[in-house]
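The values are calculated or read from the model by the stated rules, or taken from the named source; none is laboratory data. All values derive from a computational prediction rather than experimental measurement. Every residue, glycine among them, receives a Cβ derived from its backbone with ideal geometry; neighbour counts consider all protein chains shown.
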Amino acid sequence: MKILIDFFPILLFFGAYKMYDIYVGTGVLMAATVLQMALIYGIDRKLQAMHKLTLVLILLFGTLTLVLHDDRFIKWKPTVLYTAMAIALAVAVWVLHKNFLKLLLGSQLSLPDAVWHRLNVVWVLYSAFMAAINAYVVLYYSTEAWVSFKLWGYAFPLAFIIGQGIYIAPHLSGDDEPHKETTP
């Protein structure tokens, strides 16, 4: 159910764009994201920092897109979001010596500190990659291509999540060492 909640704003945006244009799609995306956050809040009784940031950026960049009638704002929103994530995670781990991923997810996952650190670094790299690839598509391709990229580009986050799950699975023992085989 949660996976449907995560993807329905982009699917509605894509449908509205195909039926109408980028501006109707943007309005639909804004409304769908507000509804999405209300559903998440209704289920979890809280919104994570990433949810709040996403909502603010979609409403801000969506409003700028609609008021100024300039699609560049909505197209640059993912680059701004991913860049902010990369910078925040990098500064936290290398300057403040804090691991935001562990702070956010530590109550749900028990992983060794070294695994948390590697995950944080991978998230920095992934976020920088996603920011760069979105910027590249915005700069060198049409709005039509960008919208298609937004839909089909969800292969990147899905692959990242699956890869991350495969990586952490052996470390989910609840102690500070990964599972080890014992021989009789």
Residue within segment 87-107 that is outside the structural domain of residue 36 (by TED's automatic domain parsing), at positive phi and modelled with pLDDT under 90 present: yes
Subset of segment 153-180 that is of a type in the set (Phe, Trp, Tyr) and at pLDDT 85 or above - its residue that is farthest from the chain's Cα centre (by Cα): 167
Test for residue 81: is it in the same structural domain as residue 15 (by TED's automatic domain parsing), closer than 23 Å to residue 161 by Cβ, within 17 Å of the chain's Cα centre (by Cα) and surrounded by 15 or more Cβ atoms within 10 Å (Cβ to Cβ): no
Complete set of residues in segment 1-21 that are without any contact (Cβ under 8 Å) to a residue 24 or more places away in the chain and not charged (D, E, K, R): 1, 3, 4, 12, 15, 16, 19, 20
Flag if residue 24 is closer than 27 Å to residue 145 by Cβ, in contact (Cβ under 8 Å) with a residue 12 or more places away in the chain and among the β-branched types (Val, Ile, Thr): no
Contacts under 8 angstrom Cβ, first residue in segment 61-78 being without any contact (Cβ under 8 Å) to a residue 24 or more places away in the chain, partner surrounded by 17 or more Cβ atoms within 10 Å (Cβ to Cβ) and among the charged types (D, E, K, R), 6 or more apart: 61/77
Out of 73, 14, sole residue that is modelled with pLDDT under 95 and touching a Lys or Arg at 6+ places or on another chain (Cβ under 9 Å): 14
Out of 52, 46, sole residue that is exposed (fewer than 15 other Cβ atoms within 10 Å of the Cβ), of a type outside the set (Phe, Trp, Tyr) and outside any helix (DSSP H, G or I): 46
Failed criterion for residue 43 (all others in (1) at pLDDT below 95; (2) under 25 Å from residue 155 (Cα atoms); (3) more than 16 Å from the chain's Cα centre (by Cα); (4) of a type in the set (Val, Ile, Thr) hold): (2)
